[in-house]
Amino acid sequence: MSILLVMGPAASAQVTLGQLVPSGASTFNCEYVQSYDEFQTSVAGGNSYVAPSAGVITAWSTQVGATPDQTLGMKVYRPSGPGAYLVVGQDGPHTLSSGLNTFAVNIPVQAGDILGIFLPPNVHSDCGFETGLEGDVISYQEGNHAPGSSFSIQETYSKNRLNISASLLPPPTISSITPAEGSIKGATVVIAGANFASVTGVSFGSVPATFTVDSEGQITAAAPPTTTLGAVPVTVTTVAGSASSAQTFAYKGCKVPKLKGKKLKAAKKKIRKAGCRVGKVKKLHGATAKTGKVTKQGPKPGRILAPGARVKITLDD
């Protein structure tokens, strides 16, 4: 099977959280005897450090200068009460090299989770940069709190931002499937939507399908063959979650009807209504279209065949 794909604009999946030090701006060196957890409480403008939706953080980055032996780790913090936070994810700490440092991760998040950093004791990093804006506020607590543990804010300071960004992949969404029906023998289906990055599976009902990701907004899938007529949802699964289509895919076919005892006209009508076509008509013992009745048929009643399959009948008086 083949299909001509008309590609629409790609639906961008990744959302950028946080901000790296801008070109020309000066970083400040974090060098603590004690370890610290820090996160951006608010920003005066630009990218937020707060996840706007559920999803998965797939990578994080920091941009540092030429000072050697820098170290930094990333954490995700979740508000758990007034001034209280829960550590829900962590990566690192990593030894950094001069320039852009990017690390692949797979950390599930919820809407409202906050991107932040942590520094082990006796290490240093270009962990932030000055903005001079009162709305840029960083909160911190002494200690390196493990994932699953909670803490309260110790202090805050303003006019600064953390030198960290992350890529957030939201869960997929499905806007349409084309065509919305096809043969029980299988069909090629184009799935349109958004956030089709890191797709791990596509299924029709509960049956996995083979697929190709054409873009972050389109997937071409092969609807798997089935022996059952009816409509099933289409599900796309990525590392960030799953989405099932509101629009179903209808499997079409020929369910061979019972024709015994029917006159030819009635038999033909029933065959076509069942999604089949009339095959060879055999007449025995002088039977005619008007006088004869169906005594045999092939295939047998109840068989599920491809759309338009032919049904042979034998008429006899």
For K255, what residues show an amide H to amide H distance below 5 Å, using hydrogens built from the backbone and excluding near sequence neighbours? L305
Could you state the angle between the C-alpha long axis of helix 264-273 and the longest principal axis of the C-alpha atoms of the chain, as a value from 0 to 90 degrees rounded to the nearest 10? 0
Within the chain, helix-based [θ] at 222 nm, where runs of 4 or more DSSP H residues each add -39,500 (n - 2.57), nearest 500: -1000 deg cm²/dmol
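Give the Rg/Rh ratio for the chain, taking Rg as the radius of gyration of the Cα atoms and Rh as the Kirkwood radius, to two decimals.
On the way: Rg = 31.3 Å, Rh = 24.0 Å.
Radius of gyration over Kirkwood radius for the chain works out to 1.31.
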At 7 Å along the Cα-to-beta-carbon direction for both K185 and S152, put a label point, then send me their distance in nm to one decimal. 7.1
When the chain is treated as a Gaussian network with springs between alpha carbons less than 10 Å apart, the largest mean-square fluctuation among G241, G286, G186 is found at G286
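Local charge sum around V105 (other residues, Cβ-Cβ under 15 Å, Lys/Arg +1, Asp/Glu -1)? Working shown, then result.
On the way: positive: K75; negative: D91, D113.
Within the 15 Å Cβ shell, the charges total -1.
Return a whole-number percent for the relative contact order of the stretch 44-135, with Cα pairs under 8 Å and 6 or more residues apart as the contact set. Walk me through the numbers before you get to the answer.
Working: 176 pairs, mean separation 38.6, N = 92.
After rounding, I find 42 percent.
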Cut-off 10 angstrom, C-alpha nodes, Gaussian network model of the chain. Which of E134, E181, E31 fluctuates the most? E134
Would you tally the net charge around T291, using a Cβ to Cβ cut-off of less than 10 Å, leaving T291 out, and scoring K and R as +1, D and E as -1? +2
Which of these, A197, A166, A180, has the largest mean-square fluctuation under a Gaussian network model of the chain (Cα springs below 10 Å)? A180
Quote the FRET efficiency, to the nearest 0.05, computed for K269 versus S206 with a Förster distance R0 of 35 Å and r equal to the Cβ-Cβ distance. 0.50
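Quick check on my link table: of K185/K268; K273/K300; K273/K312, which ones sit more than 27 Å apart, alpha carbon to alpha carbon?
Values: K185/K268 24 Å; K273/K300 16 Å; K273/K312 15 Å.
Beyond 27 Å between Cα atoms: no listed pair.
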State the cysteines of the chain left without a partner when partners are defined as other cysteines whose beta carbon lies under 4.7 Å away. none
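Read-outs: derived from the displayed coordinates by stated rules, not from any lab. Since this is a predicted model, take the numbers as computed values, not measurements. FYI the Cβ positions are ideal-geometry reconstructions off the backbone, even for glycines, and counts take in every protein chain you see.
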